[in-house]
Structure formats: structure tokens, C-alpha cells
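Novice: Let me give you the structure first, and then I'll get to my questions.
The values are calculated or read from the model by the stated rules, or taken from the named source; none is laboratory data. As the structure is a computational prediction, the values presented were derived from the model and not from experiment. Cβ: placed from backbone, ideal geometry, glycine included. Neighbour counts: every protein chain shown.
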Amino acid sequence: MKATFALSAHMLLAAIAALLFASTVFAGVQPFPPSFHTQEIQTDGAIIHVRVGGRGPAVVMLHGFGDTGDMWAPVAAILVQNHTVIVPDLRGMGLSSHPEGGYDKKTQARDITQVMDKLKIDQAALVTHDIGNMVGYALAAQFPTRVTRWVIIDAPLPGIGSWDDIIRSPALWHFNFRGPDVERLVKGRERIYLDRFWNELSANPKAIDDPTRRHYAQLYARPGAMHSAFNQFAAFTQDATDNKALAANGKLTLPVLALGGDHSFGTQMADIMRLVATEVTAGVINDSGHWVMEEQPKQTTAAIVDFIDKK
């Protein structure tokens, strides 16, 4: 009885937090169309904040670090005309709950399948960026019948291809930047920490305007948010082991569009995906670094919508 009450209280607090934050709108982040609604969906070990709108074939959109599901609003505004669009915040990020564990991407993929189950969605196209890519691969590889096609954007997969070389890059020091002392250093300075990513991993830092930065910095300053974000990176070693095992079972057969910013992963995204999928189309977002939705929203949106709606 006590456990049931505690869970209900936890869900209530998460819902209140989501409602309060939703009332704060910054100019730099496009809101979702008014036809969308939000839900807090209980999965095994987490409460996932989800935006849902539209009717028709489903599309699930997964964000990465430095963003939340809010990043997908420009694409969602178009896809919602002909699709059911589902945009979660990954566990421990955005307005989802912050459990202590479950940040390996296989577990987070199960979060997404349980969200789909609650929404009575059997199959969906997938659009992912950054850490969302890693959750996306764990989803498609574990549950291949549930993903119809996939747009994967500008981040590698742990354990796949040149991963061991990629993680040696000095630019990726943040993969191992975590722990109690690190959290003390970053607490109250979340904007400073996040500015490093937006400035150094973009082709044009000015494309990520101050209202956008304030919006995400406020989300990442919520209690437990940076601890959870660091745990996303801490799970990469396990993710690499898991991905090698998943890849050994065979390649994905669904259509894949691999997009990279021309100042970031570029065509390397397609090279990575061809190691785990049989039908891969390469695409490059011009004049963009890693933050394609902020740097080149129209170009990125057009590429995504064209592939999702391709007959």
C-alpha cells in the first residue's frame, strides 16, 4: 500500500513539474502545435514525459544530450498533418523522471517500446539525434518489427565501426567527465558547461541563440538532471558491449537515412550505419555542425519529412 502511494505521489510531482515548466516559453524554442498534448507514461523504472499529436502512421522522435524532445517541434509541426507524432524525453532528461539507473541504451529502448504500448502504437518510423541514435539502434535491433524506417543524425554508435578511435578524440573528453566532484563543479553553472557544446560542436554558434540556450540550461539545471545526463555517458562501455552482441545477430533490414552535419560527422554517418544496416542512404546537412535542428532547421526538416513520407 505504501509503495503504491509513493508511486502515485512520484507521478503527481512529475506531472506538476512538467505543467509548471510548460508554462515557461522562451522565444528561441518553437512550441509544439496546439493540437499536441503531453502525457506522463510509467515504464519499468521511469516516468517518461511524452508529447503526442496527430493521426496516421506513427513517428517516434528521440533527442540527445544538450537538447530535449523540444528540439523536434519544427519537424513535428509538419509531420503531424499526416502522422501520429510521439516525442518523448529520454529517462533522466527533460521533464522525464530521474531514476538512479537504467541509462544503458537497451533499457531506454524498452522505455520507448512501453511508451508505444501505452499509446497503442505497434509500429513507427524513427527519427533520432545524438544519444537518441544509441537508443534508436537498441530499439531497432531488439524490436525490428516495431520500426519501419529510421532517420539517424550526427552521432556514432558505441562499439560499432571506428568507435574506439572516435572516443580518443580530445573533443570528446566529456564522455568521461562525471562523478560527485564534477557535479559540484557544474551545479549552478549548467549554462557555462552547455555553452561549450553549443559553441565548439556547431558550425555557427550564433545559430543557437540565447533564448534557446536559456531554455535548455534551465531544464538541465533541474534537480538530478546533470547527474542523469552524466550517467548517459557512463553507460557507453556497457552500450558498446551490448551493440557488438546485437550487431552479431545480423544487420537491420529497414530503410535508413544517415544524416551528418558537413562540419561534423558528414558522410561518416552512412559509413557507420552500413556496418549494421543493409539499406542506407547518405545525407549531409550543409553549413552545419552537430546541432542540425538549431543550425539548419529548414534543411534538416525537409530531409526528414521527405524520407519519412517516401513511398
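Novice: Among the residues of region 248-270, write down those that are buried (at least 17 other Cβ atoms within 10 Å of the Cβ) and either more than 17 Å from Arg149 (Cβ to Cβ) or among the small types (Gly, Ala, Ser) (or both).
Specialist: Ala258, Gly260, Gly261, His263, Ser264, Phe265, Gly266, Gln268, Ala270
Novice: From Val75, Val85, Val115, Val59, which residue is at negative phi, surrounded by fewer than 24 Cβ atoms within 10 Å (Cβ to Cβ) and of a type in the set (A, V, I, L, M, F, W, C)? Write out each step before concluding.
Specialist: Numbers: Val75 fails: surrounded by fewer than 24 Cβ atoms within 10 Å (Cβ to Cβ); Val85 fails: surrounded by fewer than 24 Cβ atoms within 10 Å (Cβ to Cβ); Val59 fails: surrounded by fewer than 24 Cβ atoms within 10 Å (Cβ to Cβ).
Only one candidate passes the filter, namely Val115.
Novice: Okay, next question. Name the one entry in Thr107, Thr113, Thr145 that is out of contact with any Ser or Thr (no Cβ under 8 Å at 6 or more places or on another chain), under 17 Å from Lys251 (Cβ atoms) and part of a helix (DSSP H, G or I).
Specialist: On the way: Thr107 fails: under 17 Å from Lys251 (Cβ atoms); Thr113 fails: under 17 Å from Lys251 (Cβ atoms).
Checking each option against the conditions leaves just Thr145.
Novice: Filter region 148-168 for residues that are not basic (Lys, Arg) and not in a loop (DSSP other than H, G, I, E, B) and give the result. Walk me through it before giving the result.
Specialist: If we filter region 148-168 for residues that are not basic (Lys, Arg), which is where we start, we get 148, 150-167.
Hits for region 148-168 are Thr148, Trp150, Val151, Ile152, Ile153, Trp163, Asp164, Asp165, Ile166.
Novice: Counting just the residues of region 171-208 that are surrounded by fewer than 16 Cβ atoms within 10 Å (Cβ to Cβ) and part of a loop (DSSP other than H, G, I, E, B), which one comes out nearest to the chain's Cα centre (by Cα)?
Specialist: Among those residues, the one meeting the criterion is Phe177.
Novice: Restricting to region 129-160, count the residues that are surrounded by fewer than 24 Cβ atoms within 10 Å (Cβ to Cβ), of a type in the set (Gly, Ala, Ser) and over 12 Å from Val276 (Cα atoms).
Specialist: 1
Novice: How do the pairs read when you match residues in region 247-268 that are on the phi > 0 side of the Ramachandran plot with residues anywhere that are of a type outside the set (D, E, K, R) and crowded, with 17+ Cβ neighbours inside 10 Å, using Cβ under 6 Å and keeping only pairs 6 or more apart or on different chains?
Specialist: Gly266/Gly260; Gly266/Val284
Novice: Quick check on my filter: what residues within region 250-282 are in a strand (DSSP E or B), of a type outside the set (Gly, Ala, Ser) and within 18 Å of Ile166 (Cβ to Cβ)?
Specialist: Leu259, the sole residue that qualifies.
Novice: Give me a count of the residues in region 167-198 that are under 16 Å from Ala235 (Cβ atoms) and among the small types (Gly, Ala, Ser).
Specialist: 1
Novice: While we're here: For region 163-186, give me each residue that is without any contact (Cβ under 8 Å) to a residue 40 or more places away in the chain and under 30 Å from Val284 (Cβ atoms).
Specialist: Correct list: Asp164, Asp165, Ile166, Arg168, Ser169, Pro170, Ala171, Leu172, Trp173.
Novice: Any residue at all in region 283-292 that is assigned to a strand (DSSP E or B), within 25 Å of Thr68 (Cα to Cα) and of a type in the set (Gly, Ala, Ser)?
Specialist: yes
Novice: Only one of Gln232, Gln238 is in a helix (DSSP H, G or I), crowded, with 20+ Cβ neighbours inside 10 Å and of a type in the set (S, T, N, Q); which?
Specialist: Gln232
Novice: If the Cβ limit is 8 Å and pairs must be 6+ apart or interchain, which residue in region 24-35 that is at pLDDT below 95 pairs with which residue that is assigned to a loop (DSSP other than H, G, I, E, B) and loosely packed, with under 13 Cβ neighbours inside 10 Å?
Specialist: Val25/Pro31
Novice: Here's something else I'd like to know. Just a yes or no: is a residue in region 88-109 surrounded by fewer than 24 Cβ atoms within 10 Å (Cβ to Cβ), at pLDDT 95 or above and among the basic types (Lys, Arg)?
Specialist: yes
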